[in-house]
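Asks: One structure follows; several queries about it will come next.
The values are calculated or read from the model by the stated rules, or taken from the named source; none is laboratory data. A quick note: this is a predicted structure, and the numbers were derived from the prediction, not measured. Positions of Cβ are generated from backbone atoms using ideal geometry, with glycine treated the same way; all protein chains shown enter the neighbour counts. Side chains included, ligands, DNA and RNA excluded: accessible areas come from the protein's heavy atoms. Shrake-Rupley method; radii C 1.70, N 1.55, O 1.52, S 1.80 Å.
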Amino acid sequence: MDLSYKRIVIKIGSNVLTRKDGLPDLERIAHVVEQISQIKKQGKEIILVSSGAVASGKSVLSVSDKFDAVATRQLFASIGQVKLINSYSELFEKQGLICAQVLVTKEDFRDRLHYLNMKNCFGILLQHNVIPVVNENDVISVTELMFTDNDELAGLIASMLNADALIILSNVDGIYNGNPADSNSEVIRYIDPTFSDFSGFITTQKSQFGRGGMITKSHIALKAARLGIAVHIANGKTENILLRLLNQDVINTCFVPAKNASGKKRWIANSENYAKGVVQINEGAKQALLSSKASSLLPIGVTSIVNEFRKGDIIRLVDEDNHQVGLGIAEYSSEKAASLLGQKNQKPLVHYDYLFLNPGDN
Ligand SMILES: Nc1ncnc2c1ncn2[C@@H]1O[C@H](COP(=O)(O)OP(=O)(O)O)[C@@H](O)[C@H]1O
Ligand SMILES: N[C@@H](CCC(=O)OP(=O)(O)O)C(=O)O
């Protein structure tokens, strides 16, 4: 049976696009493009998030290691991105398709105007049947301004565009229940979006070019799945992986999407950086919020106001150990909340409809 996704974000990691010697794998890139063009013919919309700029840059120029590492990365990325997008452009053209380059920074998701500009741009590209090829603007994004990796970028794009699915192509068949190198380990086929503790089996091990590793991937995947987006982690080195994945005849890890979250919840989920206020909640409130029943946050469950906020601000909810439980929109100010703290029968501080839960994301 075919997976009936209409809008799909596909993320390809540097490791999929490069050979063992670190040079760009043009055959692999061509194969990805061929598969995308076949999927396009089925009437689906594709947004491609492609890494590989730095690796492509390294294939053009060798630089002495006496230069600053950050500047060297900027150098490789700026040269490599041209090479990478030229390859995509030529290959898509051969398939009768047009692609576009979209380079973004983390700041663009924080600034509301930039966010809307970006969203509008994707809108017009998709309306014109163009395939956006997205990457981080590595020339601008250095050190603390960077996305954790392109998995984070792909998750944000999938959420911004209300995608039905996010496919993350890496160099493993999925998330294993142990060390992937161990022959006893098996790929976990389905992960429920309420699951949160991966520490038992995911190691911090990364592939040659990997930045975030599997831990970041799993957190991004959970977040997207909780927003109603199906996430697949699969092996980009497997022949016809995209076609086979959509035909459901290849092993991969699928994060099962939660029942679709409202647009408001999606927005809250991506607004962590706007969160002004912080409130600490007790264990009872935490259990109630995380239970399968739809619960709002009541003042009786709030133990303290950590940072002040106004009515309508995004606030972070933390538990007694200061671990994040979720984000929500405050129904009233921190001043009023402080006066109601611990009291019964009061109006919710955060209504369920304006609450996004993401325990374990910090
Ligand atoms: N339980 C696990 N299952 C699968 N991969 C894992 C696991 N634990 C750690 N990893 C590592 O995560 C790597 C993939 O992440 P990453 O290096 O970021 O890839 P990419 O460059 O494709 O984004 C795998 O190559 C593997 O070494
Ligand atoms: N933006 C960088 C890649 C960053 C990145 O996250 O890479 P990867 O972990 O391989 O997906 C580049 O194009 O080289």
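Asks: Taking a probe of 1.4 Å, how large is the accessible area per residue of the chain, in Å²?
Replies: 47
Asks: Could you name the aspartates and glutamates whose alpha carbon sits less than 16 Å from that of K40, not counting residues in the same chain fewer than 8 places away?
Replies: D2, E93, D164
Asks: Also, I was wondering about something else. For K94 and V139, FRET efficiency with R0 = 30 Å and r from the beta-carbon atoms, rounded to 0.05? Let's see the in-between values first.
Replies: Numbers: r = 28 Å, r/R0 = 0.95.
FRET efficiency, V139 to K94: 0.60.
Asks: Stretched out fully, how many nm does the piece from N177 to T303 gain, at 0.36 nm a residue minus the Cα gap?
Replies: Here the segment from N177 to T303 would lengthen by 41.6 nm.
Asks: How large is the accessible surface of E45 in square angstrom, using a 1.4 angstrom probe and rounding to the nearest 10?
Replies: 40
Asks: Rank-order 167-175, 317-325, 250-258 by packing density, defined as the average count of other C-beta atoms within 10 Å over each peptide's residues, highest first.
Replies: 167-175, 250-258, 317-325
Asks: Hey, another quick one. Run the quick spin-label model on C121 and I215: label points 7 Å from Cα toward the beta carbon, then report their separation in nm to one decimal.
Replies: The answer from the label model is 3.2 nm.
Asks: Pull up all non-local amide H partners of S333: gap of 5 or more, or a different chain, and H-to-H distance under 5 Å with H placed in the peptide plane.
Replies: K311
Asks: Quick check: net charge around H114, other residues with Cβ under 15 Å of its Cβ, Lys/Arg +1 and Asp/Glu -1? Write out the running numbers ahead of the final one.
Replies: On the way: positive: K106, R110, R112, K119; negative: E107, D108, D111, E136.
Local net charge: 0.
Asks: Before rounding to the nearest 500, sum -39500 (n - 2.57) across all DSSP H runs of length at least 4 in the chain and divide by the residue total; then give [θ] at 222 nm in deg cm²/dmol.
Replies: After summing the helix terms and dividing by residue count, I get -10500 deg cm²/dmol.
Asks: As a test, work out the antiparallel percent of DSSP beta bridges whose residues both lie in the range 220-331, rounded to the nearest 5.
Replies: Numbers: 12 of 16 bridges.
Of all bridge pairs located within the range 220-331, approximately 75 percent are antiparallel.
Asks: With a ≥ b ≥ c the root eigenvalues of the C-alpha gyration tensor of the range 275-357, is it rounded (a/c under 1.5), prolate (a/b larger than b/c) or oblate?
Replies: Verdict is rounded for the range 275-357.
Asks: Further question: Carbon-plus-sulfur fraction of the accessible area of the chain, 1.4 Å probe, in percent?
Replies: Carbon-and-sulfur percentage of accessible area, whole number: 50.
Asks: With +1 assigned to the C-beta of every Lys and Arg and -1 to the C-beta of every Asp and Glu, and no other charges, what is the dipole magnitude of the chain about the Cα centre in debye, to the nearest 20?
Replies: 800
Asks: Computed over the Cα atoms of the range 249-318, what is the convex hull's projected area averaged over all directions, in nm²?
Replies: Averaged projected hull area, Cα only: 6.9 nm².
Asks: Let me ask something else. Provide the net charge surrounding Q74, with neighbours chosen by a C-beta distance below 10 Å and charges set as Lys +1, Arg +1, Asp -1, Glu -1.
Replies: Net charge in that neighbourhood comes out at -1.
Asks: Between I167 and residues 5 or more places away or on another chain, which pairs have amide H atoms under 5 Å apart, with H built 1.01 Å from N, and which residues are they?
Replies: V9, I10, K11, H232
Asks: With both bridge residues required to lie in the range 7-265, what share of the DSSP beta bridges run antiparallel, to the nearest 5%?
Replies: Details: 5 of 32 bridges.
Approximately 15 percent, going by the DSSP bridge assignments.
Asks: Just give me a number: lysine pairs in the range 275-357, eight or more positions apart or cross-chain, with C-alpha atoms less than 14 Å apart.
Replies: Details: K276/K311; K311/K336; K311/K347; K336/K347.
Within the range 275-357, the lysine pair count is 4.
Asks: Restricting to the range 1-148, compute how many DSSP beta bridges are antiparallel as a %, nearest 5.
Replies: 5
Asks: Still on this model: Pull out the extension gain between S196 and S64, defined as 0.36 nm times the separation in residues minus the alpha carbon to alpha carbon distance; nm, one decimal.
Replies: This chain segment gains 43.2 nm when fully extended.
Asks: If you don't mind, there's one more thing I want to ask. For the ranges 334-345, 74-85, 226-237, what's the packing order if you count other beta-carbon atoms within 10 Å of each residue, average per peptide, and put the highest first? Intermediate values should be presented prior to the final figure.
Replies: Details: 334-345: 14.2, 74-85: 20.1, 226-237: 23.2.
The densest-packed peptide leads the list: 226-237, 74-85, 334-345.
Asks: What's the center-to-center distance, using Cα atoms, between the range 1-44 and the range 300-362 in Å?
Replies: 42
Asks: Going by Cα centres, the range 145-171 and the range 229-288 are how many Å apart?
Replies: 10
Asks: Are there DSSP H segments in the chain that both extend 30 Å or more along their axis (alpha-carbon positions) and score a mean Kyte-Doolittle hydropathy of at least -0.5? List them, or say none.
Replies: Details: long enough: 69-94 (37 Å, 0.20).
What comes out of the filter, once short or polar helices are dropped, is 69-94.
Asks: Taking N as the number of residues in the chain, what is its alpha-carbon radius of gyration divided by 2.2 N^0.38 Å?
Replies: 1.04
Asks: Sticking with the crude label model, points 7 Å out along Cα→Cβ, report the distance from S291 to V256 in nm, one decimal please.
Replies: 2.2
Asks: Going toward the positive end of the dipole of the range 7-265, with +1 on Lys and Arg Cβ and -1 on Asp and Glu Cβ, which of A230, Y176, I85 do you reach last?
Replies: Positive-end residue among those listed: A230.
Asks: Would you mind calculating the gained length between S4 and D353 on full extension (0.36 nm times residue separation, minus the Cα-Cα distance), in nm to one decimal?
Replies: Additional length available on full extension: 122.8 nm.
Asks: Counting only residues 5 or more places away or on other chains, whose amide H sits under 5 Å from the amide H of I175 once H atoms are built in the peptide plane?
Replies: I188, T253
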